[in-house]
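Accompanying notes for the structure given below.
The values are calculated or read from the model by the stated rules, or taken from the named source; none is laboratory data. The structure displayed is predicted, hence computed values, not measured ones. In this analysis, Cβ positions are derived from the backbone assuming ideal geometry, glycine residues included, and neighbour counts consider all displayed protein chains. The protein model used for the area step is the full one, side chains on, heavy atoms only, and it has no ligands, DNA or RNA in it. Shrake-Rupley method; radii C 1.70, N 1.55, O 1.52, S 1.80 Å.
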Amino acid sequence: MQRIGVFVCHCGSNIAATVDVKKVAEMARLEPGVVFADDYQYMCSEAGQAKIGAAIKEYNLTGLVVCSCSPRMHEATFRKCAERYGLNPYMVEIANIREHCSWIHKDMEEATQKAVILARAAIAKVNLNAPLQAGESRVTKRALVIGGGIAGIQTALDIADAGYEVDIVEKTPSIGGRMSQLDKTFPTLDCSACILTPKMVDAAGHEKIKIYTYSEVEKVSGFVGDFTVDIRKKARSVDEAKCTGCGVCQEKCPSKKTPSEFNRGLNNRSAIYTPFAQAIPNVPVIDREACIKFKTGKCGVCEKVCQAGAINYAQEDEIITEKYGAIVVATGFDTIKLDKYDEYAYSQSKDVITSLELERIMNAAGPTKGHLERLSDGKAPKEIVFVQCVGSRCSDERGKPYCSKICCMYTAKHAMLIRDKYPDVNVTVFYIDVRTPGKNFDEFYRRAVEEYGVNYIKGQVGKVAPQPDGSLLVQGSDLIDNKQIKIKADMVVLATAIEPNQGVRNIATMLTASIDTNNFLTEAHPKLRPVESPTAGVFLSGVCQGPKDIPETVSQAGAAAVKVIGLLAKDKLTTNPCTAQADELLCNGCSNCAKVCPYGAITYETRQVNDHGIREDRRIAVVNKALCQGCGACTVTCPSGAMDLQGFSNRQLIAEVDAICR
Amino acid sequence: MNAKEQVQQISGVNPYKCMKCGKCSATCPAYEEMDIKPHQFVSYVQSGNIEALAACKSMWKCLSCFACVERCPRDVQPGRILDAARQIVVRQRGGNYLTAEEIPPLVDEDLPQQLLVSAYRRYKR
Ligand SMILES: Cc1cc2nc3c(=O)[nH]c(=O)nc-3n(C[C@H](O)[C@H](O)[C@H](O)COP(=O)(O)OP(=O)(O)OC[C@H]3O[C@@H](n4cnc5c(N)ncnc54)[C@H](O)[C@@H]3O)c2cc1C
Ligand code: SF4
Ligand code: SF4
Ligand code: SF4
Ligand code: SF4
């Protein structure tokens, strides 16, 4: 029989104003197993905890029930308190008589009655509690960062500077991400390459950082502190150790008709290519789909011209298996496809472009060498219309329900840069709202209007119609003047919604990290744990978690790094003892539990069991204690009642329900 | 039920989903002929100004093409509001329904053909 102490907290007046705390203590004293019950103003305070300690000693208590606030708030506090006074921390139960009781009821009598019942349930549970021991698991002191955009680069640099090894896995042939495609960046208008390239070089040269480009994560197993990851390093067909980055191969390659991914298909690249001049590593890859040698067996020009003898057509994909203590997802974003938005004539006219395409056009290294020109005829535009929120804030099936957050600012940037360089060009922006929260952000947008004479019109565009003379007739609303207006434009720029990169769902599945309906990775808590995934050991950095600009991405990247460092600094991790366990006599090996376990914690083994004197080999579920998060999904799925959660056993839960219904 | 609720019920439109983007008015081919514009159909319902809505000329200028319904990014369906307003007017004249034979004498010269199609669509239910 347990010797239980019950401690009823007033929480100042938070509880005591609505619940008769004395009555709760009095009723608790009548329950089986209870040898002591008292109330106090602030149970969590030092004095309150001392009272608990004194009672443990005086009454030789074996279990505690604290009737107080939510266990989220103070369960850990009272468990530590119990431990300090020599009690197993898992012998403590919380009856939540604040959030579940005083805060939601007005009538004192009813609230008190409910508090008594909640206390009774907790007492019934403690009567069946058994001491639990937290286990330990080891920590591999190396981190993996998936995605080499500014988010991944910054996270890797911060982790490496703290002295830990970091590997970056980047899908494309170079690190840099979207930021390497941008021309100038708001709010300061510094050139994107000028601030990004040094960071890329730092990462590449850092002794603690290893970069796998043209590579993808293929398999992940293990758990926090001890992940095992298979990385597929795709065949570059170029020997990284030999290549000097001279670029002759790209120049001489006769296959030059593949749309350049980096320039968003606005011009073509060769079959052997680096995405851009400052690529890191500066080692080209052969696109085997485009390479004549791979398609017909003839050609081999690059092999002939390469002085370094770096070309290797026989190179094969390589699988690298490595262990990591922590994994950071930094897979970034892309702009959405516009095929459902016929009204903007994006697929009909070359002069209707996305903002990301405009970045490439404005960039000196881009397809037009930085000259603002119409892609249809090379003429200089005189009238440009920008449309904001294209595909953002759309609750229909065409677009995305969220605000992409960065478009208001980059549209103001584009409008301003154009007016600055080409003052004779008229610039009109159609907007629904201009959203510019951020340091110096609204000032930035106001400058576009007040100093650069950009014409902002509140209203959307309903139609862009290409005209026979090559111009674009833009029909839009001016809601302030209540007019429908028509503008004959030379160029239309669409501030296209952003979405998480393709393939992130696959990554999330491998990591058992949760993802929302828009494919953004979910954080453990939207306010208090914004850079952690609910899956232990998995962290989030950059736009893969939600739309953000560079300053915000870099801050989040640093925050994710700190969390990783905090984890890697530990030698051992304590594991949660409230994990599932299969009773070998009841388990029939049906495999239902493994199917529902969101953490992949369950496997099966064949084991000899002794069932009432009969020895036989049976297939039995085995739970990996380090992986199990104690969610309980398996226990309710198991058809034979074999799965049970330690600390939340079926018996304990039934006892609670019985106590409530008594 | 007041007039506002009546319009909401008949049209099935929740005017509060509107974010005042103007896409409907930017799209509407009959815009120039209208006294109250498509985005205003929604704001009139929001503010409960149904009397003005029921008296508007737009009601008989709308082509019932439902371009606004199709394009609205928040699925507000402004065109259905006018549809509902028309129905209320018809009800006020007496009777919920018109038979097919009753329609020709009511037809005004300027009435867009499409509107008749829309009317049949609604009244046959
Ligand atoms: C048109 C436009 C203009 C902008 N202008 C500005 C500006 O002026 N100022 C500003 O502050 N912000 C601006 N931004 C926002 C800025 O681009 C982002 O904030 C920033 O790029 C986010 O960085 P990231 O690392 O999170 O994502 P990304 O830059 O998208 O990087 C993600 C990286 O992960 C890689 N990756 C993806 N999936 C995988 C996978 N499965 N495995 C391995 N690697 C993978 C990608 O190849 C990429 O390299 C602009 C954005 C756009 C679209
Ligand atoms: S020619 Fe050879 S050394 Fe030069 S970039 Fe190409 S592969 Fe590298
Ligand atoms: S309790 Fe949850 S995490 Fe643990 S084995 Fe069962 S389903 Fe998996
Ligand atoms: S298109 Fe839809 S959201 Fe936009 S103003 Fe019209 S009704 Fe409102
Ligand atoms: S349904 Fe009526 S209001 Fe809507 S776009 Fe067509 S004509 Fe305009």
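Quick check: anything in the range B:94-114 closer than 27 Å to A:Lys458 by Cβ and either among the hydrophobic types (A, V, I, L, M, F, W, C) or within 16 Å of ligand 3 (Cβ to nearest atom) (or both)?
Scanning the range B:94-114, I find no residue that is closer than 27 Å to A:Lys458 by Cβ and either among the hydrophobic types (A, V, I, L, M, F, W, C) or within 16 Å of ligand 3 (Cβ to nearest atom) (or both), so the answer is no.
Taking the residues in the range A:75-106 that are of a type in the set (Asp, Glu) and touching a residue at least 24 places away in the same chain (Cβ under 8 Å) as candidates, determine which candidate is nearest to A:Glu31 (Cα to Cα).
Step by step, filter the range A:75-106, then rank; the result is A:Glu93.
For the range B:12-36, what are the residues that are within 19 Å of B:Pro112 (Cβ to Cβ), at the interface with chain A (Cβ under 7 Å from one of its Cβ atoms) and buried (at least 24 other Cβ atoms within 10 Å of the Cβ)?
B:Ser25, B:Thr27 - these are the residues of the range B:12-36 that are within 19 Å of B:Pro112 (Cβ to Cβ), at the interface with chain A (Cβ under 7 Å from one of its Cβ atoms) and buried (at least 24 other Cβ atoms within 10 Å of the Cβ).
Taking B:Ser25 as meeting all but one of (1) closer than 18 Å to A:Gln475 by Cβ; (2) modelled with pLDDT under 95, write down the number of the exception.
The number of the failed condition is (2).
Here's a check for you: in the range A:14-34, which residue that is aliphatic (A, V, I, L, M) and open to solvent by 60 Å² or more (accessible area, probe 1.4 Å) is farthest from A:Asn127 (Cα to Cα)?
The extreme case among them is A:Ala17.
Which of the residues belonging to the range B:44-56 are part of a helix (DSSP H, G or I) and open to solvent by 40 Å² or more (accessible area, probe 1.4 Å)? Don't jump to the end; show me each part of the working.
Filtering the range B:44-56 for residues part of a helix (DSSP H, G or I) gives B:44-47, B:50-54.
Once the filter is applied, which keeps residues that are part of a helix (DSSP H, G or I) and open to solvent by 40 Å² or more (accessible area, probe 1.4 Å), the range B:44-56 yields B:Tyr44, B:Gln46, B:Ser47, B:Glu51.
Is it fair to say A:Ala310 is open to solvent by 50 Å² or more (accessible area, probe 1.4 Å), on the phi < 0 side of the Ramachandran plot and of a type in the set (Gly, Ala, Ser)?
No, not satisfied.
Considering only the range A:580-662, give the helices (runs of 4 or more DSSP H) lying wholly within it that have at least 2 residues that are more than 15 Å from ligand 3 (Cβ to nearest atom).
Result: A:650-661.
Please go through the range B:57-77 and pick out each residue that is near ligand 5 (Cβ under 6 Å from one of its atoms) and open to solvent by less than 10 Å² (accessible area, probe 1.4 Å). It would help to see each step written out before you state the result.
Just the residues of the range B:57-77 that are near ligand 5 (Cβ under 6 Å from one of its atoms), to begin with: B:62-68.
Correct list: B:Ser64 only.
Return only the number of the condition from (1) of a type in the set (Lys, Arg); (2) assigned to a loop (DSSP other than H, G, I, E, B); (3) over 23 Å from A:Gly630 (Cα atoms) that A:Arg505 does not satisfy.
The one condition A:Arg505 does not meet is (2).
Residues that are within 14 Å of chain B (Cβ to nearest Cβ): find the strands (runs of 3 or more DSSP E) completely inside the range A:325-410 holding 3 or more of those.
Passing ranges, in order: A:383-390.
Give the number of residues within the range A:143-168 that are open to solvent by 10 Å² or more (accessible area, probe 1.4 Å) and closer than 13 Å to A:Asp202 by Cβ.
Total meeting the criteria: 5.
Residues A:Ile327, A:Ile272: which one is under 27 Å from the mean Cα position of the chain (by Cα) and crowded, with 21+ Cβ neighbours inside 10 Å?
Of the residues listed, the single one that is under 27 Å from the mean Cα position of the chain (by Cα) and crowded, with 21+ Cβ neighbours inside 10 Å is A:Ile327.
Applying the selection to the range A:169-178, what residues are surrounded by fewer than 22 Cβ atoms within 10 Å (Cβ to Cβ) and either of a type in the set (Gly, Ala, Ser) or closer than 14 Å to A:Gln278 by Cβ (or both)?
Correct list: A:Thr172 only.
If you scan the range A:200-259, which residues turn out to be surrounded by fewer than 22 Cβ atoms within 10 Å (Cβ to Cβ), closer than 22 Å to A:Val329 by Cβ and away from ligand 1 (no atom under 16 Å from the Cβ)?
A:His206, A:Lys208, A:Ser221, A:Gly222, A:Val224, A:Asp226, A:Thr228 - these are the residues of the range A:200-259 that are surrounded by fewer than 22 Cβ atoms within 10 Å (Cβ to Cβ), closer than 22 Å to A:Val329 by Cβ and away from ligand 1 (no atom under 16 Å from the Cβ).
Given the condition assigned to a helix (DSSP H, G or I), within 13 Å of chain A (Cβ to nearest Cβ) and touching a helix residue (DSSP H, G or I) at 6+ places or on another chain (Cβ under 6 Å), answer yes or no: does some residue in the range B:78-97 qualify? Can you show your working first?
From the range B:78-97, those assigned to a helix (DSSP H, G or I) are B:78-92; that's our starting set.
When the remaining residues are screened for being within 13 Å of chain A (Cβ to nearest Cβ), the result is B:78.
Cutting the leftovers down to touching a helix residue (DSSP H, G or I) at 6+ places or on another chain (Cβ under 6 Å) gives us B:78.
Yes, there is a match, as at least one residue in the range B:78-97 is assigned to a helix (DSSP H, G or I), within 13 Å of chain A (Cβ to nearest Cβ) and touching a helix residue (DSSP H, G or I) at 6+ places or on another chain (Cβ under 6 Å).
Give me the residue from the range A:122-142 that is assigned to a helix (DSSP H, G or I) and in contact with a strand residue (DSSP E or B) (Cβ under 7 Å, 6 or more places away or on another chain) and, out of that set, surrounded by the fewest Cβ atoms within 10 Å (Cβ to Cβ).
A:Lys125
Among the residues of the range A:425-465, which ones are buried (at least 17 other Cβ atoms within 10 Å of the Cβ), outside any strand (DSSP E or B), more than 14 Å from chain B (Cβ to nearest Cβ) and among the hydrophobic types (A, V, I, L, M, F, W, C)?
A:Val425, A:Phe441, A:Phe444, A:Ala448, A:Val454 - these are the residues of the range A:425-465 that are buried (at least 17 other Cβ atoms within 10 Å of the Cβ), outside any strand (DSSP E or B), more than 14 Å from chain B (Cβ to nearest Cβ) and among the hydrophobic types (A, V, I, L, M, F, W, C).
Can you find a residue in the range A:562-572 that is free of Cβ contacts under 8 Å to residues at least 40 places away in the same chain and among the acidic types (Asp, Glu)?
There is no residue in the range A:562-572 that is free of Cβ contacts under 8 Å to residues at least 40 places away in the same chain and among the acidic types (Asp, Glu).
Checking the condition under 21 Å from A:Ala241 (Cβ atoms), among the charged types (D, E, K, R) and within 16 Å of ligand 1 (Cβ to nearest atom), which residue from A:Asp334, A:Asp317 passes?
The conditions single out A:Asp317.
Quick one: in the range B:37-69, of everything that is of a type in the set (A, V, I, L, M) and more than 13 Å from chain A (Cβ to nearest Cβ), which residue is nearest to B:Ile88 (Cα to Cα)? So that I can check it myself, show each step before the final result.
Of all residues in the range B:37-69, those of a type in the set (A, V, I, L, M) come to B:42, B:45, B:50, B:52-55, B:59, B:63, B:67, B:69.
Pick out the ones that are also more than 13 Å from chain A (Cβ to nearest Cβ) and you get B:45, B:50, B:52-55, B:59, B:63.
Details: B:Val45: 13, B:Ile50: 10, B:Ala52: 13, B:Leu53: 10, B:Ala54: 8, B:Ala55: 11, B:Met59: 11, B:Leu63: 18 Å.
Once the filter is applied, the top-ranked residue is B:Ala54.
Identify the residue in the range A:539-595 that is among the acidic types (Asp, Glu) and within 20 Å of the chain's Cα centre (by Cα) and, among all such residues, is nearest to A:Val224 (Cα to Cα).
Taking the candidates together, the pick is A:Glu552.
What do you reckon, is A:Ala326 touching a strand residue (DSSP E or B) at 6+ places or on another chain (Cβ under 8 Å), away from ligand 5 (no atom under 16 Å from the Cβ), assigned by TED's automatic domain parsing to the domain that holds A:Asp158 and touching a residue at least 12 places away in the same chain (Cβ under 8 Å)?
Yes; evaluated as a whole, the condition is true for this residue.
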